[in-house]
1. How far, in nm, would the chain grow between Glu135 and Asp370 when pulled straight, counting 0.36 nm per residue and subtracting the alpha carbon separation?
2. For the chain, find the longest principal axis of its Cα atoms and tell me its angle to the long axis of helix 264-273, 0 to 90°, nearest 10.
3. For Ile6 and Ser166, calculate 0.36 nm times their separation in residues minus their Cα-Cα distance, and state this gained length in nm to one decimal.
4. Using Cα atoms only, what is the angle between the long axis of helix 292-301 and the major principal axis of the chain, expressed in degrees (0 to 90) to the nearest 10?
5. Evaluate the distance, in nm, between pseudo-label points positioned 7 Å from the Cα of Lys273 and of Gln291 along their respective Cα→Cβ axes.
6. If you build a Gaussian network model of the chain, linking Cα atoms that sit under 10 Å apart, which residue out of Ile124, Ile141, Ile50 swings the most?
7. Compute the Cα gyration tensor for segment 53-140, then decide on rounded, prolate or oblate, letting a ≥ b ≥ c be the square roots of its eigenvalues: rounded whenever a/c is under 1.5, prolate when a/b is larger than b/c in the other cases, and oblate in all that remain.
8. 7 Å from Cα along Cα→Cβ at both Ala266 and Lys111: what's the point-to-point distance in nm?
Amino acid sequence: MIWITIKNLIKVVFFIFIITSLVYFSISYIQTKNNVMDIEKYSPISTLDIKETKLKKSKFPFIDVHNHQFDMPLKNLNNLVSEMDSLNMAYMINLSGFRGLYLEKSLKNIKESAPTRFGLFVNIDFEKIDDSNFESNNIKIIQDAVREGVIGLKVYKSLGLTDKDSSGNRISVNDPRLDPIWSLCGKLNIPVLIHSGEPESFWFDKNEYNERWLELRQKPGRYRGDSSKYPSFETVMSEQHDIFRKNPETTFINAHMGWMANDLDALSDHLDKYKNVMTEIGAVLAELGRQPKKARNFLIKYKNRILFGKDSYNVTEYYTYFRVLETDDEYFDYYRKRHAHWKMYGLSLPDSVLKSLYYENALKLFPNIDKNLLK
């Protein structure tokens, strides 16, 4: 009886396999016949006969103020320095210094392996905001970190979006209990690089009109349109801008061009209003590369307020940054389709603007960087 049952089971499984295969190949045949294709696979090769400038290193040495090396305590920094040299990267700031033993080991590795090539930012745990010693503990963490060589404070996007207090309530970016933190950074003369919010399109409906649809399809966890889980885009950004207003003596680096690279008029107004704010181009190059005329004029006008940043580290992706910033090439690909299914255009920035963007502005914020690296 058991043998018969297994035999029948095998027949059923085989039958299901045959039916599934027939359905699969039938759908494939119908799609091919009707020329149906997933947009993720559609990668047409342009027939334009245009100039292609291949750049694997920047025209001038540069300082990357927005990088993440999560294995810094154990990383072979000699290998990383070799990659940096190939790009003409003089100095890298690792924003993910964290705190405690992790920070201690990271600083130790830098001092022993490449003391002139890396800077670290400290990070704090905002979800402990209700602890009675939250303020004193974090003031000590930051002061001790700066004493050991840390050069800034990095604030992750979780503040304002997902960080919650002990009662489960969202911690706003401008929670008054955080005011001593921002004030201290001003007194210590270290910048706060703060990433608040996400691209506004992450709050839009996930439909055919949303230009971030592909990203939301591939990374569904980035959708922020559920008001039961997340505040509005306007709420988060207004909270961020409020701390800029309340702390004029503290320098803030508004990460990712403040998610206003798609509206450079708004970013212009922002920089005009908040004189203590700098910004950087990490992960928003695709916005600049699709509006070359306006972006070029903007970067020329605000050349003293913009820093070079990349965000996630990948050697070959820097090539696209160099090409957009330095060349006048037309109609070329960005390196990640979900961020930009459109084409890029070179800005052909003047040397004076490139120097400001690549290293001069960063040197104003971090004067202890070895100037010999930038010759």
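The numbers here are math on the coordinates, done by the rules we state, and not lab data. What you see is a predicted model; the values in this text were computed from it and never measured. Glycine gets a Cβ as well: all are built from the backbone with ideal geometry, and neighbour counts include every protein chain shown.
1. Details: separation 235, 0.36 × 235 = 84.60 nm, distance 3.36 nm.
Taking 0.36 nm per residue and subtracting the Cα distance, the gain is 81.2 nm.
2. Taking the Cα atoms of the chain, the angle to 264-273 is about 30 degrees.
3. Working: separation 160, 0.36 × 160 = 57.60 nm, distance 5.58 nm.
Extra length from Ile6 to Ser166 when fully extended: 52.0 nm.
4. Once rounded, the angle reads 20 degrees.
5. 1.7
6. Checking each option, the largest mean-square fluctuation is seen for Ile50.
7. Here segment 53-140 falls in the prolate category.
8. That separation, rounded to one decimal, is 4.4 nm.
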